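The values are calculated or read from the model by the stated rules, or taken from the named source; none is laboratory data. Bear in mind the structure is a predicted one, so any value in this text is a computation, not a measurement. FYI the Cβ positions are ideal-geometry reconstructions off the backbone, even for glycines, and counts take in every protein chain you see.
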Amino acid sequence: MKYGLAQLSTAHRLDAGAEYDRVCVCAYAQRKKMRVSSVRASLSSRLKPSLPNQPLKFSNISSAPTPVRLQTPLFLNPADYRATLSDLKKWHLWARGLASSVGTKFLDLDNGPDSALLHRELNWLIEDSLEDPITLLSDNSDDSLVVPLRACLDDLYMLWNQRIEGRRPFQYLVGCEHWRDLVLSVQEGVLIPRPETELIVDFVSDVTKENEVLREGLWADLGTGSGALAIGIGRILGSCGGVIATDLSPVSVAVASYNVQRYSLQDRVAIKQGSWFEPLKDDEGKFAGIVSNPPYIPSEDIGRLQAEVGRHEPKLALDGGADGMNDLLHICNGAASMLRPGGFFAFETNGEKQSNFLVDCIGSQSEGRFCDVKVASDFAGIKRFVTGYRAG
Ligand SMILES: C[S@@+](CC[C@H](N)C(=O)[O-])C[C@H]1O[C@@H](n2cnc3c(N)ncnc32)[C@H](O)[C@@H]1O
């Protein structure tokens with residue numbers, strides 16, 4: 001897998017088995033078991049009264065929202081539509097046929113989904129669209145039965161046609177993505193969060209466990225997209241900790257704000273529109289941590305991406321300039337003055353070449369302002385992340 005971010009897979013819904021993400025899925029499923037206890041712990045800590053120190057207040061510092069039409073995830077829609085089981089079965093047969101007709105055509109062309117993955121996605125579409133998916137999948141039901149649906153039958157035909165003929169990503173069809181223990185709203189204009197990025201939350205969890213200053217401090221998520229990292233981190237910080245997340249894209253700002261609200265984190269995660277550090281100027285030197293998964297695909301590679309990614313995901317989220325390093329270098333340069341001494345950073349890259357380049361730049365240009373700088377691998381063993389601390 002050459003471009004981790006650029007390859008899109010739905011395999012991390014938990015019944016997955018697709019070749020591409022097998023490593024990620026196994027690791028994810030294993031970690032999921034362990035994670036239940038940590039989620040409970042973080043929820044219970046949020047229920048405790050605040051510590052006597054000043055909690056960070058965010059509700060009054062978020063930027064005014066830019067009007068954006070938000071897409072409600074399909075599974076959250078009321079089941080207001082009706083179809084007979086017989087008509088639904090016709091749609092299902094048609095949709096299965098279309099998925100089967102793909103074979104390995106997309107896989108061979110650009111590492112896209114094969115029929116097996118598309119069949120699994122079809123089952124997930126049924127799960128999200130029907131109140132009782134078993135009705136459709138069981139042979140025993142009466143065909144004249146009227147079935148409640150979350151989208152009308154015409155829309156289900158249209159959506160599945162968009163998936164196969166238009167290579168529209170499955171996540172945009174259903175308006176959500178499963179990421180860690182979250183179900184995040186996504187739509188066109190917002191990058192679909194990838195499984196490898198989940199590891200950044202694990203890094204933050206590790207460094208905050210034994211360090212109260214980091215746990216109760218102010219964090220930044222630069223280029224937040226759907227708000228995935230900001231929300232993941234917001235849920236593991238202590239009661240005085242908080243996150244400010246920035247993005248240049250008004251759609252990302254709107255979707256991230258919606259996701260923050262859905263997880264009732266408005267008091268600890270603020271979303272601000274603007275370029276990288278620009279909305280954070282007031283807090284220069286105060287950050288306990290900075291994370292970012294910026295655009296890092298070299299411009300000339302954008303045209304060769306999987307169709308789901310190259311045709312549908314926002315260029316603003318992908319294109320990192322000639323060698324893909326423009327934003328990574330900008331963020332790395334700015335981090336030294338934004339972090340407090342002892343503050344932690346974690347940045348995602350395209351892989352080994354970019355990670356090593358970033359580490360070299362930090363070594364040669366930062367004049368000792370960073371320490372303990374390391375490269376860390378993702379689930380597939382790709383050297384994907386650079387982490388470190390602001391020297392004390
Ligand atoms: C690779 S995506 C990552 C999104 C999200 N953090 C994630 O991991 O799913 C990069 C994000 O950076 C945002 N971005 C691009 N240029 C930016 C800029 N100059 N300032 C702030 N955000 C920017 C994009 O809109 C996009 O949401």
| task | Give Ser226, Ser205 a once-over and let me know the one that is outside any strand (DSSP E or B), among the polar types (S, T, N, Q) and either closer than 16 Å to Tyr389 by Cβ or away from the ligand (no atom under 12 Å from the Cβ) (or both). | result | Ser205
| task | Could you list, in sequence order, all residues of region 275-300 that are out of contact with any helix residue (DSSP H, G or I) (no Cβ under 8 Å at 6 or more places or on another chain) and acidic (Asp, Glu)? | result | Glu278, Asp282, Glu300
| remark: Per the filter on region 128-165, residues loosely packed, with under 13 Cβ neighbours inside 10 Å and of a type in the set (Gly, Ala, Ser) are Ser138, Ser144
| query | Which numbered condition trips up Glu188, out of (1) touching a Phe, Trp or Tyr at 6+ places or on another chain (Cβ under 6 Å); (2) surrounded by 15 or more Cβ atoms within 10 Å (Cβ to Cβ); (3) farther than 17 Å from Leu229 by Cα? | reply | (2)
| task | Evaluate the following for Leu339: is it within 11 Å of the ligand (Cβ to nearest atom) and under 27 Å from Leu218 (Cβ atoms)? | result | no
| query | Given the conditions (1) at positive phi; (2) within 16 Å of the ligand (Cβ to nearest atom), which single one is not true for Arg167? | reply | (2)
| query | Has region 336-346 got any residue that is within 27 Å of Lys209 (Cα to Cα), within 19 Å of the chain's Cα centre (by Cα) and not polar (S, T, N, Q)? | reply | yes
| query | Filter region 81-126 for residues that are in a loop (DSSP other than H, G, I, E, B) and in contact (Cβ under 8 Å) with a residue 12 or more places away in the chain; which is surrounded by the fewest Cβ atoms within 10 Å (Cβ to Cβ)? | reply | Gly103
| task | Would you confirm whether any residue within region 222-238 is among the hydroxyl-bearing types (Ser, Thr, Tyr) and more than 25 Å from Tyr172 (Cα to Cα)? | result | no
| Can you name every residue in region 239-264 that is in contact with a Lys or Arg (Cβ under 8 Å, 6 or more places away or on another chain) and among the aromatic types (Phe, Trp, Tyr)? | Tyr263
| said: Among the residues that make up region 272-284, is at least one of them touching a strand residue (DSSP E or B) at 6+ places or on another chain (Cβ under 7 Å) and more than 15 Å from the ligand (Cβ to nearest atom)? | reply: yes
| request: Please tell me if Leu122 is assigned by TED's automatic domain parsing to the domain that holds Leu153, more than 30 Å from Asn259 (Cα to Cα) and among the hydrophobic types (A, V, I, L, M, F, W, C). | output: no
| said: If I filter region 158-172 for residues that are in a loop (DSSP other than H, G, I, E, B) and under 18 Å from Phe287 (Cβ atoms), do I get at least one hit? | reply: no
| task | Identify the single condition in (1) in contact with a strand residue (DSSP E or B) (Cβ under 9 Å, 6 or more places away or on another chain); (2) within 11 Å of the ligand (Cβ to nearest atom); (3) outside any helix (DSSP H, G or I) that Ser144 does not satisfy, given that it satisfies every other one. | result | (2)
| So Val190, is it within 16 Å of the ligand (Cβ to nearest atom), assigned to a helix (DSSP H, G or I), β-branched (Val, Ile, Thr) and in the same structural domain as Pro341 (by TED's automatic domain parsing) | no
| field | Residue list for region 287-313, restricted to those being in contact with a strand residue (DSSP E or B) (Cβ under 6 Å, 6 or more places away or on another chain) and away from the ligand (no atom under 14 Å from the Cβ) | value | Phe287, Ala288, Gly289
